[in-house]
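A short write-up of the structure that comes next.
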2 protein chains.
Amino acid sequence: MENVPQKELDQRIENFQSVLVRENLDGAFIMQNVDVYYFTGTIQSSILFIPADGRPILMVLKNIERVESESNVRDIVSINGRSAMLSTLHRYGYHQFDAVGLEMDVLPAYLYRWFVENIGECRWVDITPDLLRLRMIKTSYEIEQIKAGTKILHKGYMEIKEVMQAGMTELEIDAHLSLVARREGHMGLLRMRGWNQEMTYAHVLAGESGSVKTFLDSPHGGTGNTPAMAQGAGFRRLEKNEPVGIDYGVAVNGYHSDQFRTFVIGELNGKLEKAHDCSRKILETIQREAKAGTNISSLFAIAEEEAKTAGLDGFFMGCTEERAGFVGHGIGLEIDEYPIITPRFNGELKEGMVIALEPKFVFPGEGVVGLEDDYVVTSTGLERLTLTAQEVMRI
Amino acid sequence: MENVPQKELDQRIENFQSVLVRENLDGAFIMQNVDVYYFTGTIQSSILFIPADGRPILMVLKNIERVESESNVRDIVSINGRSAMLSTLHRYGYHQFDAVGLEMDVLPAYLYRWFVENIGECRWVDITPDLLRLRMIKTSYEIEQIKAGTKILHKGYMEIKEVMQAGMTELEIDAHLSLVARREGHMGLLRMRGWNQEMTYAHVLAGESGSVKTFLDSPHGGTGNTPAMAQGAGFRRLEKNEPVGIDYGVAVNGYHSDQFRTFVIGELNGKLEKAHDCSRKILETIQREAKAGTNISSLFAIAEEEAKTAGLDGFFMGCTEERAGFVGHGIGLEIDEYPIITPRFNGELKEGMVIALEPKFVFPGEGVVGLEDDYVVTSTGLERLTLTAQEVMRI
């Protein structure tokens, strides 16, 4: 098992401290497990205080031996609760604050109220948008983790091609993909940051399942096998000559890889083939035209234009008013990271961003076809990280 | 796919409204997906307002057709954001509030701040403890779902008994258990309420992996295969004559079932056998002595007493100062529900509670042995829901 390299952690904290200085904050409390991991290399229960200037303090609520074996933060202190956190801060010379950052999108209300009540007069600032903008630029270490995941995904797709038969349930396909994922080292769950958002390893969507919507911010959802989960594979059996869309995700050392391929046992009809071709064309066009410096909002326009040219814009990224308003998203320690590839996301592509582009077409009652691949942004273009051929997978 | 029966939902809302009246609240906003599902039968993105008196209003942010097909709440209204929620409330005659409940343990700070800023002067009360105390009493419908899960768990244990061999990795065992879970209809993830708590389907802990602690509030943790997840199965290979502890969970229609069995390829040494016997004796004693009306705090004492009698109290529920302070927990729509079987939990066992009892012994460097089974509390005793024999599973 590998720890996160020390220089990664140092660099991340240094970058974050520049943000704190720019935003005129005294520091920030980092408490969500993923964010703590990003800065320290451990997800053991801890409260991390990063001052704008000076060394971070990692205050550990449980299991300090494991923290010390996983993290190279220099100031690691064992505390038995939040009151002890305050006395620890005092010991380090932090007695009062003017303005402090918190992760307002994920911090539970009771903790927010605790901070407001227990730390004197202070301006509380949502630090998440800044933090997510830092996290969207990946180092070569981070890109290596995502690449390791794409190998697992490719293996899964190749194995399932041998296994898939008409009459199997969506869940049987999902089950086999889960097996491959874990056997090969997927860490065991996919992390989403959005509140109430959650995801199974794979979405296996046969025929009309592909056009069943759900709460997920995604062009497809699926029935699932219960309204309590309401997404992904269900007990529907695969039939011949229908699209079977498989969205497959894994995480290696915390980093997510995310792919979609369209399978068919037999043949797709001409319209679905055309839509799949259009998905490929969208990826090819974006790959040809995008690189560091490209305006992010322009990518969605490129995709939509291709869909229009093919006469398929009514089915692009969904087939109702509630279609997904994006054609891709960042991936990293969470599967729903910045940048979001929408017309509304401000900013340019930057070197080191890793994005999943997922042009898909949804036909009511018929299903979903399309592709999803992961790319790293370079100064000269987009380099594809996912390994599977961009074709319909025919059984 | 089955919807939650209408009378379940009606009863739950009625019970909750009694609580609102008792607590002198005007109503509560329910927003976490699991709680919304509990009251409405859908987890589509919605805000549920339950007044102390009158009909609940389910305000749907996305996908209202699916909500209407899953939920029988009578007042379902489509809204396009939180401002529309306010105007909807006005339309229903709710113009101001004196005191309102929120799920403070899970509601993100930004939403809490939105309520405080957008609804006039009002007392905001954490409604979660009351809600969890309602949810801990299960109906026969709910118990049926948990029973369906225990069948999957039993199937998984029986299949893995045929598959397990020395030399396999923990992850290969986990992979096969994941396959069985999904194939048989596990909904695809385990839900934990506690912030930053998360769990893979199975913990497969061979030898010393069983004594590796983690952030999880559990007697065992495991290495996992990365510090980014830091729990459960890793790449360690199974050896002969060592304990292989397998904690296995699934969820059917949202309801969790949770079990632990100790496997061995070959033989356990006398001390480990004795500890396993003691785990069984603890379950037998609790099952003999506990029923509706039994003080919950007494169950832990029974368990600890048995461990002491066997001279094993130094290893009971962990082997360090940070041992787990409980011997069981409620299960339901989340795997970490009330009641918690600790010396500190106030209250009596009540008919319809479903609890997972998990007496385990952890030996540093050697591993974990023990049992976990699910029970429903009746007026005459505890009825076991899990199906697997309470023995060491010998290969």
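The values are calculated or read from the model by the stated rules, or taken from the named source; none is laboratory data. Model, not experiment: these values are computed from the prediction. Ideal geometry is used to build each Cβ from the backbone, glycine not excepted, and the neighbour counts take in all protein chains shown. Only protein heavy atoms, including side chains, enter the accessible area calculation; ligands, DNA and RNA are left aside. Shrake-Rupley method; radii C 1.70, N 1.55, O 1.52, S 1.80 Å.
If the viscosity is 1.567 mPa s and the temperature 4 °C, what translational diffusion coefficient in µm²/s does Stokes-Einstein give for segment A:256-395 when Rh comes from Kirkwood over Cα pairs?
Numbers: Rh = 15.1 Å.
It diffuses with D of about 86 µm²/s by this estimate.
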**Message:** Residues of segment B:1-29 with the amide nitrogen closer than 11 Å to a label point 7 Å from the Cα of A:Glu322, along Cα-to-Cβ, please.
**Reply:** none
**Message:** Cut-off under 17 Å on the C-alpha distance; same-chain residues fewer than 8 positions from B:Lys350 excluded. Which aspartates and glutamates are left, in chain and number order?
**Reply:** B:Asp130, B:Glu142, B:Glu289, B:Glu337, B:Asp374, B:Glu383
**Request:** May I ask you to find the residues of segment B:109-137 that are shielded by at least 30 Å² of accessible area once the whole protein assembly is considered instead of their isolated chain (probe 1.4 Å)?
**Result:** B:Ala109, B:Tyr110, B:Tyr112, B:Arg113
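Count the net charge of all other residues whose Cβ sits under 13 Å from the Cβ of A:Leu189, scoring Lys and Arg as +1 and Asp and Glu as -1.
Values: positive: A:Arg182, A:Arg191, B:Arg191; negative: A:Glu198, A:Glu334, B:Asp174, B:Glu198.
Surrounding charge for A:Leu189 is -1.
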**Asked** Can you pull the Rg over Rh of segment B:147-200, Cα-only, Kirkwood?
**Response** 1.03
**Message:** At 1.002 mPa s and 20 °C, plugging the Kirkwood radius over alpha-carbon pairs of segment B:1-100 into Stokes-Einstein gives what diffusion coefficient in µm²/s?
**Reply:** 157 µm²/s
**Asked** What is the Cα convex hull volume of segment B:189-324 when expressed per residue in Å³?
**Response** 139 Å³
**Message:** Nearest 100 Å² is fine: what is the total accessible surface buried where chains A and B meet, probe 1.4 Å?
**Reply:** 6000 Å²
**Asked** Using alpha carbon centroids, what distance separates segment B:328-364 and segment B:98-149, in Å?
**Response** 20 Å
**Item:** Other-copy label distances relative to B:Thr378, 7 angstrom Cα-Cβ extension, nm
**Value:** 6.8
**Prompt:** How large is the accessible surface per residue of chain A, computed with a 1.4 Å probe and reported in Å² as a whole number?
**Reply:** 35 Å²
**Asked** Taking a point 7 angstrom from the Cα of A:Gln6 along the C-beta vector, which residues in segment A:22-64 have backbone N less than 20 Å away?
**Response** A:37-43, A:54-59
**Item:** the protein assembly as shown: radius of gyration and largest Cα-Cα distance (Dmax), Å
**Value:** 25.8, 79
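How big is the charge dipole of chain A about its Cα centre, in debye rounded to the nearest 20, if each Lys and Arg gets +1 on its Cβ and each Asp and Glu gets -1 on its Cβ?
Numbers: 40 positive and 57 negative charges, 80 e Å.
The dipole of chain A has a size of about 380 debye.
Taking every pair of distinct Cα atoms and averaging 1/r, then inverting, what Kirkwood hydrodynamic radius in Å comes out for segment A:283-359?
Values: mean 1/r = 0.0782 Å⁻¹.
Every distinct Cα pair counted, the radius reaches 12.8 Å.
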**Item:** Test item: B:54-67 mean partner chain Cβ contacts at 10 Å
**Value:** 2
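Give me the inter-chain shielding for A:172-178: mean count of other chain Cβ atoms within 10 Å, whole number please. Can you show the working numbers first?
Numbers: counts 4, 2, 6, 10, 5, 3, 13.
Whole-number average of other-chain Cβ neighbours for A:172-178 is 6.
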**Threshold 50 Å² - residues in segment B:197-219 whose accessible area is reduced by that much or more when the chain is no longer isolated, probe 1.4 Å** = B:Glu198, B:Lys213, B:Phe215
**Asked** Over the Cα atoms of segment B:59-203, what Rg and Dmax result, in angstrom?
**Response** 21.7, 67
**Message:** Test of understanding: extend the Cα→C-beta vector of A:Asp75 to 7 Å, then name every residue of segment A:30-58 with backbone N under 14 Å from that spot.
**Reply:** A:30, A:47-58
**Message:** Taking θ = phi - 60°, what integer Hz values does the Karplus form 6.51 cos²θ - 1.76 cosθ + 1.60 yield along segment B:58-75, in sequence order, with x for Gly and Pro?
**Reply:** 9, 9, 9, 8, 7, 6, 5, 4, 5, 4, 5, 7, 9, 10, 9, 4, 6, 9
**Fill in**
Short to long, in 5 Å steps from zero, the percent of alpha-carbon pairs of segment A:243-300 per bin is 4, 14, 17, 16, 19, 18, 8, 4, 1
**Asked** Within chain B, which complete DSSP H helices have Cα atoms spanning at least 27 Å along the helix axis and a mean Kyte-Doolittle hydropathy of -0.5 or higher?
**Response** B:140-163
**Item:** Whole-percent carbon and sulfur share, accessible surface of chain B, 1.4 Å
**Value:** 46 percent
**Farthest toward positive dipole pole in segment A:281-395 [+1 Lys/Arg, -1 Asp/Glu at C-beta], among A:Gln287, A:Asn346, A:Thr320** = A:Gln287
**Message:** What three numbers, in Å, describe the spread of the alpha carbons of chain A along their principal axes, ordered from the longest?
**Reply:** 70, 39, 34
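Compute the relative contact order of chain B as a whole-number percentage, counting only Cα pairs closer than 8 Å that sit 6 or more residues apart in sequence. Write down the numbers at each step before the final one.
Numbers: 877 pairs, mean separation 58.6, N = 395.
Relative contact order, chain B: 15 percent.
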**Mean-position separation - Cα centroids, segment B:3-44 and segment A:37-83, in angstrom** = 39 Å
**Fill in**
Here, A:Ala84 and B:Glu305, labelled 7 Å along Cα→Cβ, have an inter-label distance in nm of 3.2 nm
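Rg(Cα) of segment B:223-266 divided by 2.2 N^0.38 Å? Each step should come with its number before you reach the end.
Numbers: Rg = 13.3 Å, N = 44, 2.2 N^0.38 = 9.3 Å.
Taking N as the residue count of segment B:223-266, the ratio is 1.43.
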**Request:** At a Cα cut-off below 17 Å, give the lysines reachable from A:Lys274, other chains included and same-chain residues fewer than 8 away excluded.
**Result:** A:Lys308, A:Lys360
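Name the GluC sites (Glu not before Pro) in segment B:316-365 that are in a loop by DSSP and that have at most 15 other C-beta atoms within 10 Å, would you? If you can, show how the numbers build up before the last one.
On the way: sites: B:Glu321, B:Glu322, B:Glu334, B:Glu337, B:Glu348, B:Glu351; in loops: B:Glu321, B:Glu322, B:Glu334, B:Glu351.
Answer by residue number: B:Glu321, B:Glu322, B:Glu351.
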**Calculated on alpha-carbon atoms, Rg and Dmax of segment B:52-117 in Å** = 13.0, 34
**Nearby lysines by direct alpha-carbon distance to B:Lys161 (threshold 20 angstrom, same-chain neighbours under 8 apart not counted)** = B:Lys151, B:Lys240
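Given Cβ point charges of +1 (Lys, Arg) and -1 (Asp, Glu) and nothing else, what value in debye, to the nearest 20, does the dipole of the protein assembly as shown about its Cα centre take?
The dipole of the protein assembly as shown has a size of about 440 debye.
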